[in-house]
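Beneath this line is the structure, given in structure tokens, with notes to follow.
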Amino acid sequence: MDPLTGVYRITLHHDGMTPFTSTSQGDAAARIDTIRRAHQSKGWGDVGYHFVVDPAGRVWEGRLLQFQGAHVKDQNPGNIGIVCLGNFELQTPSPAQISAMRDFVCRVQGAYRIPNSRVQTHRELAATLCPGAAMQVRVNQLRQGGAFS
Ligand SMILES: [Zn+2]
């Protein structure tokens, strides 16, 4: 894996698999492991995202921050990837998940001095449904409410 340097943006994702609503820690760990194995089967060194937010609002470490992620084609340098577990084309993210994502994004923004304009969803950067219509709506609502700042 390449080193992560010059962090200047954050990209938000869903995992896009089957709907997932469990608040069990073990279920979330298993889901993350499934994603990691799928990514490693593509020849990647680790799961492509740096952080994972589960439906209970837990934030998990994915790929270590010292390494560049693999989550937006051709736009991974300097880009921290955060994924919310679930498929938000098919379900709505839980309030706990969105709240935890918002709070965590704000912390990362503070740590790296990332402006709101550089907190984007995957579909804002590339032709993809990610992070799903329901999560996109929530991200837009957070922006209208003053996040991410
Ligand atoms: Zn994505």
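The values are calculated or read from the model by the stated rules, or taken from the named source; none is laboratory data. Quantities reported herein were computed from a predicted structural model and do not represent experimental measurements. All Cβ positions, glycine included, derive from the backbone under ideal geometry; neighbour counts span all protein chains shown. Please note that ligands, DNA and RNA were not included when accessible areas were found on the heavy atoms of the full protein model with its side chains. Shrake-Rupley method; radii C 1.70, N 1.55, O 1.52, S 1.80 Å.
Over the alpha-carbon set of the chain, divide Rg by the Kirkwood Rh and report the Rg/Rh ratio to two decimals.
Values: Rg = 14.0 Å, Rh = 15.1 Å.
When Rh is taken as the Kirkwood radius, the ratio is 0.93.
Amide H to amide H, with H built 1.01 Å from N, F67 comes under 5 Å of L4, counting only residues 5 or more places away or on other chains. Split the accessible area of region 1-97 by element, probe 1.4 Å, and carbon with sulfur accounts for 51%. Counting 0.36 nm for each residue step from A126 to L64 and taking away their Cα separation leaves a gain of 19.9 nm.
Distance between the C-alpha centres of region 36-86 and region 88-113: 14 Å, rounded to the whole angstrom. Amide H to amide H distances under 5 Å link C84 with H13, H14, D15, V53, where only residues 5 or more positions off or on other chains count and H is placed in the peptide plane. With the cut-off at under 19 Å, measuring from each backbone N in region 71-92 to a point 7 Å along the Cα-to-Cβ line of Q25 picks out 85.
Which whole-number percent gives the relative contact order of the chain, counting Cα pairs below 8 Å spaced six or more residues apart? Please report the intermediate quantities before stating the final value.
Details: 282 pairs, mean separation 48.6, N = 149.
The value is 33 percent.
So if a site counts as exposed when it's one of the trypsin sites (Lys or Arg not before Pro), its DSSP state isn't H, G, I, E or B, and it has at most 15 other Cβ atoms within 10 Å, what's the longest stretch of the chain without one? List each step's numbers first, then the result.
Numbers: sites that count: K42, K73, R113.
Longest gap between qualifying sites, sites excluded: 1-41.
Normalised per residue, the accessible area of region 53-142 is 44 Å², obtained with a 1.4 Å probe and no contribution from ligands, DNA or RNA.
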